[in-house]
Amino acid sequence: MKKEHGKGLIRKPAVSGTFYPKDREALSRQIDELLDSVVVKNYGDPIGFVCPHAGYIYSGYTAAHSYKYLRGREYEKVIIFAPSHYDSFHGIKTYAGEGFETPLGVVETVGREDPRVKPSHLGFGIKKNPEHSLEVQLPFLQKVLKPGWKLVPLSMGFQNFENIELGRRILFEYISKKNLIIISSDLSHYHPYDRAKTIDGHFLDYIKTDKIQDLTDAHDNKVVEACGFGPMMSFFNALKNIYKNPIKPKVLDYRNSGDTAGDRNRVVGYTSIGAFWE
């Protein structure tokens, strides 16, 4: 399940060969092709992004709209905040081991000393509950960033007010030009194509019209959907406190699996959303 790497436990990849190629060269080539296929506007230096976490043939093109901004950039820490799809738990967990492995190498993890997050293997499962939400972000980061960054892996179990507020406080303390925030989330799940576009369109309209404060009610009333809604709201709420006026996230791309590699009877929605220093 996990192997020794020096003195620490390293999490082996759970979804290589399914969500993305297991072969190092094939994976590197696929990411390069995805990055080369997108054109992005110059919004300045990134604070962080919301990125999808499906298989690369489904959501890689949308994810590339975020990761294109990061080519050649250098950070001390990358904080990836992801939902737990399989393990239910209170609070926010960080990985108990000392690294994550992908076909592109090992990323060292830090942040276990924070008393607000408990080191655990919950939310980071491999075989029984192969969690993908954080892992699929790593190969993109390994490709685009200069070496030397360390990973702060965070997983949210129950997506309630208390955990969203805890996540906001944690992310706010990490927000810095030395660090990068990645929120891992897809949007609606398993609706017909047109219904999914309507639901996801509502979600993105809240972002575009600067009505993020209304997203919680919309989510509670099932007007919008997102599997990583809790981590997203932690991030959006943290952005309110950086300057006197809140930083406004920008929608960089949207599509669903019916636009990429799936049929249109039962689709999943994907978006890239960016926040940039002003």
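Could you tell me which residue of the stretch 50-67 is surrounded by the fewest Cβ atoms within 10 Å (Cβ to Cβ), considering only residues that are closer than 16 Å to L204 by Cα and β-branched (V, I, T)? Looking at the filtered set, the residue picked out is T62. Remark: N221 falls outside the filter, which requires a residue to be buried (at least 18 other Cβ atoms within 10 Å of the Cβ) and either over 20 Å from the mean Cα position of the chain (by Cα) or more than 27 Å from I57 (Cα to Cα) (or both).
Selection of the stretch 136-174 for residues being among the small types (G, A, S) and crowded, with 18+ Cβ neighbours inside 10 Å yields S155, G157, G167.
Filtering the stretch 125-154 to residues that are at pLDDT below 95, within 15 Å of S88 (Cα to Cα) and either charged (D, E, K, R) or touching a strand residue (DSSP E or B) at 6+ places or on another chain (Cβ under 9 Å) (or both) leaves only K128.
Which condition number in (1) farther than 18 Å from R29 by Cβ; (2) surrounded by fewer than 22 Cβ atoms within 10 Å (Cβ to Cβ) is the one that R71 fails? Every listed condition holds for R71 apart from (1).
Looking only at the stretch 1-38, count every residue that is at pLDDT 95 or above, among the basic types (K, R) and in contact with a Lys or Arg (Cβ under 9 Å, 6 or more places away or on another chain) and tell me the total.
Count: 2.
Screening the candidates S155, S133, S188, S176 for the property of being closer than 27 Å to D253 by Cα, in contact with a His (Cβ under 7 Å, 6 or more places away or on another chain) and not basic (K, R) yields one hit, S133.
Within the stretch 240-273, the residues that satisfy the criterion of being modelled with pLDDT of 95 or more and over 23 Å from F19 (Cα atoms) are P249, K250, V251. Among residues of the stretch 108-135 being of a type in the set (D, E) and closer than 23 Å to C51 by Cα, the one that is surrounded by the fewest Cβ atoms within 10 Å (Cβ to Cβ) is E108. What single numbered condition from (1) in contact (Cβ under 8 Å) with a residue 60 or more places away in the chain; (2) farther than 21 Å from K68 by Cβ fails to hold for Y206? Single failed check for Y206: (1).
The values are calculated or read from the model by the stated rules, or taken from the named source; none is laboratory data. Since this is a predicted model, take the numbers as computed values, not measurements. Note that each Cβ is placed from the backbone with ideal geometry, even for glycine, and that neighbours are counted across all protein chains shown.
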